[in-house]
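Q: Please find one structure pasted underneath; my questions will follow.
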Amino acid sequence: MSGLFSLYVSGDSPMHRLGVGWKYLIVVILIVPAVAVGSPWLSLASLVASMLALVVARLPLGYALRMPWGVWILAAVLAGYQLLLGSAGLAIVVAVNLVTAIYASRLLTATTTATVLVDALTSALRPLRVVRINPELVGLAVALMLRSVPVLLDAFGEVRMAARARGRERNPFTLVTPVVVRAVGHAQATGAALAARGLDGD
């Protein structure tokens with residue numbers, strides 16, 4: 001099952017060789033100006049730039065540009081709401097910026113290993129120790145999130161296939177309940193592992 005953010009894909013493209021700090025900067029440049037300015041043309045330009053960056057990364061196009069149906073539905077709902085308010089320009093901005101943010105984040109996670117991403121984030125947050133923010137704990141939280149996403153996606157895929165085999169794939173409770181149970185079990189196991197290492201304090 002495809003998630004929002006692609007996991008690391010090994011390669012030797014210019015994007016793979018680029019330093020992680022520059023990649024973070026590219027993500028910021030692709031997302032922040034479009035969100036701050038709110039111009040349909042700038043948003044569309046950022047979307048095209050993010051797609052071109054994925055092409056430069058030499059990722060399989062189907063893998064790089066594929067998007068879950070839920071994202072398109074959410075984008076359509078957000079755009080439709082703005083259209084009802086009489087703002088066609090804002091409808092374009094909101095929907096396009098959502099897709100751009102996902103593609104830009106995918107560029108980062110598909111060309112950089114999770115370890116490098118977390119280490120870079122931890123290093124960048126070290127100056128915040130003066131305001132009592134522990135960069136190692138923040139990095140740990142991000143690492144756990146990156147690890148949990150594929151686990152939950154795999155759980156959903158397995159539950160959906162099992163429900164389909166029983167002819168119950170249209171029953172939302174048949175899909176949601178087992179995934180929630182697995183998610184809780186994964187969270188408890190993760191918490192127990194952290195506690196065993198003395199990382200369950202404040």
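Q: With the requirement that a residue be aromatic (F, W, Y) and either at pLDDT 90 or above or in contact with an Asp or Glu (Cβ under 9 Å, 6 or more places away or on another chain) (or both), what does region 23-46 give you?
A: W41
Q: A further question follows. How many residues are aromatic (F, W, Y) and closer than 13 Å to S50 by Cβ when one looks only at region 65-112?
A: Residues of region 65-112 aromatic (F, W, Y): 69, 72, 81, 103.
This time we only want the ones that are closer than 13 Å to S50 by Cβ, so: 103.
Going through region 65-112 one residue at a time, the tally reaches 1.
Q: Could you list all residues from region 65-119 that are aliphatic (A, V, I, L, M) and modelled with pLDDT under 80? Spell out the reasoning first.
A: First, the residues of region 65-119 that are aliphatic (A, V, I, L, M): 65, 67, 71, 73-79, 83-85, 88, 90-96, 98-99, 101-102, 104, 107-108, 110, 114, 116-118.
M67, V71, A114, L117, V118 - these are the residues of region 65-119 that are aliphatic (A, V, I, L, M) and modelled with pLDDT under 80.
Q: In region 140-156, is there at least one residue being at pLDDT 65 or above, of a type outside the set (S, T, Y) and farther than 25 Å from M67 by Cα?
A: Within region 140-156 (the criterion being at pLDDT 65 or above, of a type outside the set (S, T, Y) and farther than 25 Å from M67 by Cα), the answer is yes, since at least one residue qualifies.
Q: Sort out which residues of region 27-46 are surrounded by 18 or more Cβ atoms within 10 Å (Cβ to Cβ) and within 16 Å of the chain's Cα centre (by Cα), and write them in order of number.
A: Those that are surrounded by 18 or more Cβ atoms within 10 Å (Cβ to Cβ) and within 16 Å of the chain's Cα centre (by Cα): V27, L30, I31.
Q: Across region 80-94, which residue is surrounded by the fewest Cβ atoms within 10 Å (Cβ to Cβ) among those that are free of Cβ contacts under 8 Å to residues at least 24 places away in the same chain and under 16 Å from L47 (Cα atoms)? Working first, answer last.
A: First pass over region 80-94, keeping only residues free of Cβ contacts under 8 Å to residues at least 24 places away in the same chain: 80-88, 91, 94.
With under 16 Å from L47 (Cα atoms) added as a condition, the list becomes 91, 94.
Numbers: A91: 21, V94: 19.
Looking at the filtered set, the residue picked out is V94.
Q: If you check W72 against the conditions, is it closer than 23 Å to R160 by Cβ and either in the same structural domain as A95 (by TED's automatic domain parsing) or touching a Cys at 6+ places or on another chain (Cβ under 6 Å) (or both)?
A: Taking the combined requirement at face value, the residue satisfies it.
Q: A further question follows. So is P14 over 19 Å from the mean Cα position of the chain (by Cα) and over 15 Å from L98 (Cα atoms) or not?
A: Answer is yes for this residue.
Q: List pairs: first residue in region 23-46 and small (G, A, S), second residue not in a helix (DSSP H, G or I) anywhere in the structure, Cβ distance under 9 angstrom, at least six positions apart or on different chains.
A: If the second residue must be not in a helix (DSSP H, G or I), the pairs left are A45/S39.
Q: Considering only region 56-72, I want to know if a residue exists there that is aliphatic (A, V, I, L, M), touching a helix residue (DSSP H, G or I) at 6+ places or on another chain (Cβ under 6 Å), surrounded by 13 or more Cβ atoms within 10 Å (Cβ to Cβ) and under 11 Å from T100 (Cβ atoms).
A: No.
Q: Could you please let me know if V99 is surrounded by 14 or more Cβ atoms within 10 Å (Cβ to Cβ), outside the structural domain of E158 (by TED's automatic domain parsing) and within 30 Å of E158 (Cβ to Cβ)? Break it down stepwise before answering.
A: Working: surrounded by 14 or more Cβ atoms within 10 Å (Cβ to Cβ): yes; outside the structural domain of E158 (by TED's automatic domain parsing): yes; within 30 Å of E158 (Cβ to Cβ): yes.
So V99 passes the test.
The values are calculated or read from the model by the stated rules, or taken from the named source; none is laboratory data. Treat the numbers as computed from the prediction; the structure is a model and nothing was measured. All Cβ positions, glycine included, derive from the backbone under ideal geometry; neighbour counts span all protein chains shown.
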